[in-house]
Amino acid sequence: MLKENRVFKFYEQVKQEAGKVVWPQKKELTTSTLIVMVAVLVFSVIFLILDYSIHNIVQMLLNIGK
């Protein structure tokens, strides 16, 4: 009985806290999503260039002894 009461109380508190959540407006959500997508794209390109450069440097160093 005590456990059932605690579980019920817990879920009631979760429901109350969920009601206090303030969701972002559509414009704010769209702007944030766009910023994240642009940042991911920029960092992807940067890491692609770095990876390609490091690969070529290592290949060049390995081919020196041939």
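Side notes on the structure shown:
- Extreme residue, positive dipole direction of the chain, given options N5, S44, L62 (C-beta unit charges): N5
- FRET efficiency for the F43 to K20 pair, using the beta carbon distance and R₀ = 35 Å, is estimated at 0.50.
- With Cα atoms, 0 to 90° folded angle of helix 26-63 axis to the chain main axis: 30
- Expected 222 nm ellipticity per residue - DSSP helices of 4 or more, -39500 (n - 2.57), all of the chain, to 500: -30500 deg cm²/dmol
- By the Cα gyration tensor, the chain has an equivalent ellipsoid whose semi-axes, rounded to whole angstrom, run 54, 23, 4 from largest to smallest.
- Rounded to the nearest 20, the size of the Cβ-charge dipole of the chain about its Cα centre is 220 debye, with Lys and Arg at +1 and Asp and Glu at -1.
Each reported figure results from applying straightforward, stated rules to the coordinates on display, with no laboratory input. None of these values were measured; they are calculated from a predicted model. Please note: Cβ atoms are built from the backbone with ideal geometry, for glycine as well, and neighbour counts cover all protein chains shown.
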